[in-house]
Amino acid sequence: TIVRAVIYNDDKEVALIHLYGDDIFGHRDYYETPGGGVKENESLLDALKREILEEVGAKIDHIEEIGEVIDYYNLIKRRNDQYYYLAHAYEITTNHLEDYEKTIFENIKWVNITEAIKLYEETKRTKISSLVINRELPILKLAKEKLDII
């Protein structure tokens, strides 16, 4: 189980992680929403708060469900049940990446939601980037509808 979020700041900019590097999935050069795996005996919301603090360095509130996406990493034979949220970053501190994340996290980019959608739409399609774009672009569009109301 994985939790991810479209995190927005007071300027309504959202945080995207630029992944860059090479691993068993091939070359990575695309954006992804922050988040990660839920640990044993951890609630979805506790995992979300932990992951966002680790990856973005953000403390979050105003957490709202967006949706669920199920995808498959055939190369490693893994099914991912991913729960997506919209959340406000009320404080930004220092992130604390795991060793593997340090090798592929290029940077964190804060952009308005329209620009975030455009970045996904303009990303060069590879096997791994296509998987991420297909699961996250609809989520970003749903998040935009919610942010337009805020």
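Observations
- Complete set of residues in the range 115-143 that are under 16 Å from the mean Cα position of the chain (by Cα) and open to solvent by 60 Å² or more (accessible area, probe 1.4 Å): 115, 118, 121, 134, 138, 141, 142
- Long-range neighbours under 7 Å by Cβ, at least six apart or interchain, first residue of a type in the set (Asp, Glu) within the range 80-105, second open to solvent by 70 Å² or more (accessible area, probe 1.4 Å): 81/1; 81/68; 81/70; 91/59
- Any hit, the range 85-105, residues being among the basic types (Lys, Arg) and in contact with a strand residue (DSSP E or B) (Cβ under 8 Å, 6 or more places away or on another chain): no
- Output for the range 107-131, where each listed residue is at pLDDT below 95 and touching a Lys or Arg at 6+ places or on another chain (Cβ under 9 Å): 126, 128, 129
- Considered as a group, the residues in the range 16-51 that are more than 17 Å from residue 139 (Cα to Cα) and β-branched (Val, Ile, Thr) include one that is least open to solvent (accessible area, probe 1.4 Å), and that residue is 38.
- Close pairs from the range 42-57: first on the phi > 0 side of the Ramachandran plot, partner aliphatic (A, V, I, L, M), Cβ under 8 Å, at least 6 apart: 57/92
- Whichever residue in the range 61-97 is at pLDDT below 90 and open to solvent by 100 Å² or more (accessible area, probe 1.4 Å) and, among such residues, is nearest to residue 35 (Cα to Cα): 96
The values are calculated or read from the model by the stated rules, or taken from the named source; none is laboratory data. On a predicted model such as this, the values are computed, not experimentally measured, just so you know. When we count neighbours, we look across all protein chains shown, and the Cβ atoms used for this are built from the backbone with ideal geometry, even at glycine. Heads up: the accessible areas ignore ligands, DNA and RNA and are worked out on the full protein's heavy atoms, side chains in. Shrake-Rupley method; radii C 1.70, N 1.55, O 1.52, S 1.80 Å.
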